[in-house]
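Visitor: Structure in structure tokens, see below.
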Amino acid sequence: QEKKIFTVQGPYPIIRRLLRARGWVERKLPRVGRQLEQHRDDQNKQRLQTGPSNGGGRRREEEEEQCDEDPNDIHDLMSYLVRDQLPNFIWTNFLEAIDHQLLQEDIVVNHYARVDAFTTKEGLCLSLQNLPWIEQADPNTFYPRCYRLGTMDDREAFIEDFRLTAARSLLKLALEEAEDRPARNEQVSNSAKGAGWHRSHVSHPKHSTAWPGSPLYPELVEEALEVCKQHLDVLQHEDIDRNTPSPCRTCIDWDHFLQQYYRVAHEGARLVLTRQQRKQCQNLLQSLAEKLPQLDMEGKLNVWILKPGAESQGRGIICVTRLEEMLQLGWSCTAPSMRVGRWVVQKYVERLLTIFGTKFDIRQWFVVTDWKPLTVWFYQDFYLRFCSRPFSLHHLDRARHLCNVSVQKWYKTSPDQDTRVPPDKIWSNKQFQEYLAQLGKADAWHQVLVPGMKAAILNTLRSARDRVGFRKGSFELYGADFLVGEDCQPWLLEINSCPTMSPSSAVTRQLCANVQRDTLCLVLDRKDNPACSTGAFELIYKE
């Protein structure tokens with residue numbers, strides 16, 4: 001009569017315990033259980049190809065089975081008495097596991113339909129590409145450039161982006177080289193060209209007698225300068241009346257240029273540039289920085305990260321530096337039979353903030369309690385996840401670059417890791433704030449980091465709202481993952497629709513319990529008492 005019957009499916013013992021403490025009675029739904037089991041079996045079949053991640057799935061199943069074994073007879077008896085009643089509240093891993101007819105009833109459910117518009121990598125990429133058409137916001141200010149390799153337009157746009165990034169990176173490398181040696185006042189002499197300096201002798205490996213560390217003639221820098229100048233013209237709209245072609249469609253031999261760039265960026269070849277070129281590089285990069293929000297964070301090694309478009313927990317993700325390799329890998333996963341596995345490629349944040357020389361990311365929770373009007377609650381507590389090995393762009397292994405707990409649990413901390421990195425690879429936000437204060441960046445927390453995460457979340461939700469299946473009475477808890485740049489600016493990586501509540505450390509044990517408790521306060525208590533406490537949740541947006 002009080003409408004306090006609930007169903008929990010999945011490893012959520014805290015939700016079950018909190019609801020029982022409130023006087024709710026659990027009603028177990030066999031049909032939901034069977035559907036959930038079938039859904040999980042289907043997922044595990046897909047994950048068999050990905051190796052050790054299956055262990056986590058089995059562990060979660062074992063936890064769920066243990067949760068269902070209740071030694072308290074009164075709860076079992078009450079569950080039996082309400083077996084023919086519909087639940088009033090359902091908390092489950094998957095919306096697909098719920099009988100569709102139940103969604104027609106007045107039941108509170110912890111999921112919305114079609115949230116893959118922003119909770120899959122492919123969906124997030126597409127939604128944020130459309131953001132400028134919906135809001136006056138630029139996704140390039142908070143989301144690293146991303147392309148879907150399964151679509152021809154995105155594929156071509158990525159190729160152009162990779163080439164332009166290589167040209168900009170070459171200018172950065174040239175300036176870095178110039179700082180270590182005096183710049184030349186004039187072009188290299190003809191005798192020097194004959195001695196093996198001319199690019200015609202080093203541009204094609206099969207004719208080259210140059211060793212990896214040998215200098216490259218200034219014409220390589222000249223090509224990069226010309227490409228970047230044309231790109232700047234396009235960005236400044238100076239090509240409107242003269243129909244200038246794309247910088248990547250000029251007469252430059254891009255295959256040759258990229259091979260030479262790889263030599264400089266990854267094989268130790270050295271650049272030679274004139275004093276005039278040095279000044280041109282400085283001025284051009286400064287002008288490009290005013291038009292390209294990601295110029296600084298993109299670094300100079302042109303590292304990109306390749307991700308399966310609909311996977312999670314770091315499965316299948318690799319870092320790549322060569323265009324041909326990315327296209328080959330991406331193309332091999334775009335067949336119609338592998339639609340779910342289509343890949344996206346995203347610019348790697350090369351200039352990121354590290355802690356004790358180690359990469360980390362942030363898991364930030366938020367709840368949407370309504371889409372019409374859009375209502376968003378931001379959790380004011382989060383945690384950091386560390387990698388197992390020191391950060392390096394010259395070693396692109398997963399242990400250094402993927403912060404997911406489900407990835408890092410398979411790696412032991414390397415001997416060269418700073419001993420101040422916590423053994424469980426988790427930090428609280430209090431520890432992070434103290435670290436920022438030690439760096440003299442205490443203000444960045446309130447002035448840059450938190451506002452940036454809030455803005456990224458809101459812009460993402462606005463970009464996808466027309467594709468989400470709205471249902472009155474539903475809500476959903478999400479987990480957003482952010483990287484932090486050297487300037488403390490947050491960069492959104494992805495948003496998870498079913499963030500793990502299984503603790504992996506003392507920090508997450510407390511935080512996961514708190515966020516579940518506060519979520520129930522938010523979606524249950526506020527119905528009867530709008531002034532009630534919502535714990536660490538802060539209302540950041542309501543239309």
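Visitor: Which condition does Lys425 not pass, out of (1) within 14 Å of Ile362 (Cα to Cα); (2) at pLDDT 95 or above, if it passes all the others?
Guide: (2)
Visitor: In the set Glu65, Glu2, which member is at pLDDT 70 or above and surrounded by fewer than 12 Cβ atoms within 10 Å (Cβ to Cβ)?
Guide: Glu2
Visitor: Determine which member of the set Asp397, Asp416, Asp381 is surrounded by fewer than 17 Cβ atoms within 10 Å (Cβ to Cβ) and in contact with a strand residue (DSSP E or B) (Cβ under 9 Å, 6 or more places away or on another chain).
Guide: Asp397
Visitor: Okay, next question. Taking the stretch 309-330 only, how many residues are modelled with pLDDT under 80 and either touching a Leu at 6+ places or on another chain (Cβ under 7 Å) or within 19 Å of Ala399 (Cβ to Cβ) (or both)?
Guide: Within the stretch 309-330, residues that are modelled with pLDDT under 80 and either touching a Leu at 6+ places or on another chain (Cβ under 7 Å) or within 19 Å of Ala399 (Cβ to Cβ) (or both) number 8.
Visitor: Tell me, yes or no, whether the stretch 486-499 has at least one residue that is touching a Leu at 6+ places or on another chain (Cβ under 9 Å) and without any contact (Cβ under 8 Å) to a residue 12 or more places away in the chain.
Guide: no
Visitor: Suppose the filter is part of a helix (DSSP H, G or I), open to solvent by less than 50 Å² (accessible area, probe 1.4 Å) and aliphatic (A, V, I, L, M); does Ala456 pass it?
Guide: yes
Visitor: Working only within the stretch 72-118, note down all residues that are of a type in the set (Ser, Thr, Tyr) and open to solvent by 30 Å² or more (accessible area, probe 1.4 Å).
Guide: Within the stretch 72-118, Tyr80 is the sole residue that qualifies.
Visitor: Within the stretch 504-535, which residues are assigned to a loop (DSSP other than H, G, I, E, B) and either of a type in the set (Phe, Trp, Tyr) or crowded, with 16+ Cβ neighbours inside 10 Å (or both)?
Guide: Within the stretch 504-535, Ser504, Ser505, Thr534, Gly535 qualify.
The values are calculated or read from the model by the stated rules, or taken from the named source; none is laboratory data. If you're wondering where the values come from, they're calculated on a predicted model, not measured in any experiment. With ideal geometry, Cβ positions are generated from the backbone for all residues, glycine too; neighbour counts draw on all protein chains shown. Protein only, heavy atoms only, side chains kept; ligands, DNA and RNA dropped before computing areas. Shrake-Rupley method; radii C 1.70, N 1.55, O 1.52, S 1.80 Å.
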